[in-house]
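Here, each number is a calculation from the coordinates, and none is a lab measurement. Please read all numbers here as calculations on a predicted model, not as lab measurements. Cβ placement follows ideal geometry from the backbone for every residue including glycine, while neighbour counts extend to all protein chains displayed.
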Amino acid sequence: MKAMILKRMCDLSKETEPLELAEMPVPVAGDKEILVRVSACGVCHTELDEIEGRTPPPKLPVILGHQIVGKVEAWGSSANKFRIGDRIGIAWIHSTCGKCGFCLQGRDNLCEDFSATGRDTNGGYAEYTTVSEDFAYAIPEIFSDAEAAPLLCAGAVGYRSLRLTGLKNGQTLGLIGFGASAHLVLAVALHTYADSRLFVFSRTEDERKFALKLGAYWAGDFGDAPPEKLHCAIDTTPAWRPVVDTLQHLERGGRMVINAIRKEDVDKEYLLNLDYPRDLWMEKEIRSVANVTRKDVEEFLRIAEEIPIRPEIQEYGLLDANRALLELKQRKIRGAKVLKVE
């Protein structure tokens, strides 16, 4: 099979082709696994973190990609959940122990044995992949393969972030950064919290216009003051400065949720500008998001079908994976980027 593989970590501001095309054996499904012929795979900011070493794969080479849509081609001896030809999705959560306190409480995102698709095991930048049937999800018919791909991570983790804010209908919500995840959060929030006003912060004029087109009440640059205080906020940026800037606009008792697996070091000194009385006092909260649970993915796919959400997507061929990654690094974003694997 054809695959775009990562052989070494590098700086994407200097390296233009971090992935190499390779011919590899088709993987074999294990006991409870299914073999999936990949048709589409979303491109996520986490892949930049993997390539640049902020969340490094435990071993190289590795096939990236964790927003996977494809069809079942074969299964292991104990697998019986899906049939040949069924269309399924694979998300960031690839496997967990299933036995620890976190797993038994439905908080499998916090399992110490959490394994991530496309980091700890090969992912979807390839023609085939395998996954346990317990970590595969039926894709609603309403979505094309390319539309479904970003729902599996950008959508699911955005949904988790929104739930963790504790937002109530009528309260204000700030979205800091407006990439693949935030534009899906906007759609869910507008549907679920009809009386809430949504404020978007982005450093690019195109993204601000896009946010207003999709229904945001207001859009401004990082550091701009919104017309109202924010009861809740979700940060999807890779930097610290937007977090510190927006804390000043958080209402007393407000909560900011940071939806990022890592923060870049380039502006971490900006944390020194954090002023406790101004930015955090009055019971403001900062909360992180760690991965997603299987329940998050399942619930979000149902909600996305009900609304229905139509993700804004940009499609690329598998061999154009490097171009898609570089454009993501350069913030050339409108919605979600998806590789079509033919």
Helix-only mean residue ellipticity at 222 nm, the chain, DSSP H runs n ≥ 4 weighted -39,500 (n - 2.57), per residue, nearest 500. What is it? -6500 deg cm²/dmol
Relative contact order (percent) for the chain, with alpha-carbon contacts under 8 angstrom and 6 or more residues of separation? 20
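Based only on the alpha carbon positions, what is the Kirkwood hydrodynamic radius of the chain, in angstrom?
For the chain, the Kirkwood estimate is 20.3 Å.
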I need the P(r) histogram for the range 150-210: all alpha carbon pairs, bin width 10 Å from 0 out to the longest distance, whole percents. 23, 56, 21
Of 234, 56, 249, farthest towards positive along the dipole that unit charges on Lys, Arg, Asp, Glu beta carbons give the chain: 249
Taking +1 at the Cβ of each Lys and Arg and -1 at the Cβ of each Asp and Glu, which of 109, 162, 126 sits farthest along the dipole of the range 90-181 towards its positive end, judged by Cα position relative to the Cα centre? 162
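Determine the equivalent ellipsoid of the range 156-288 by diagonalising the alpha-carbon gyration tensor, then write out the semi-axes as square roots of 5 times the eigenvalues, largest first, rounded to whole Å.
21, 17, 14
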At most 16 other Cβ atoms within 10 Å and a DSSP loop assignment: could you name the chymotrypsin sites (Phe, Trp or Tyr not before Pro) in the range 214-285 that fit? 281
Spin-label pair residue 213/residue 290, simplified geometry with 7 Å Cα→Cβ offset, distance in nm: 3.9
Note down the nm distance, to one decimal, between modelled labels 7 Å out along Cα→Cβ at residue 307 and at residue 168. 2.4
Residue 73-residue 8 FRET efficiency (beta carbon distance; Förster radius 30 Å; 0.05 resolution): 0.45
Report the one residue of 289, 143, 19 whose Cα lies farthest in the direction of the positive end of the charge dipole of the chain (charges on C-beta: Lys and Arg +1, Asp and Glu -1; origin at the Cα centre). 289
Just how large is the dipole of the range 165-305 about the Cα centre, in debye to the nearest 20, putting +1 at every Lys and Arg Cβ and -1 at every Asp and Glu Cβ? 300
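Report the percentage of all Cα-Cα pairs in the range 1-115 whose separation exceeds 25 Å, rounded to a whole percent. Intermediate values should be presented prior to the final figure.
Numbers: 2202 of 6555 pairs.
That tail contains 34 percent of the Cα-Cα pairs.
What's the FRET efficiency of residue 84 with residue 332 using the Cβ-Cβ distance as r and R₀ = 30 Å, to the nearest 0.05?
With R0 = 30 Å, the Cβ-Cβ based efficiency is 0.20.
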Overall dimensions of the range 272-342 by Cα: Rg and Dmax, Å: 18.7, 55
Most exposed first, judged by fewest Cβ atoms within 10 angstrom, 237, 55 run 55, 237
Expected unfolding gain across residue 20-residue 251 under the 0.36 nm per residue rule, minus the alpha-carbon gap, is 78.4 nm
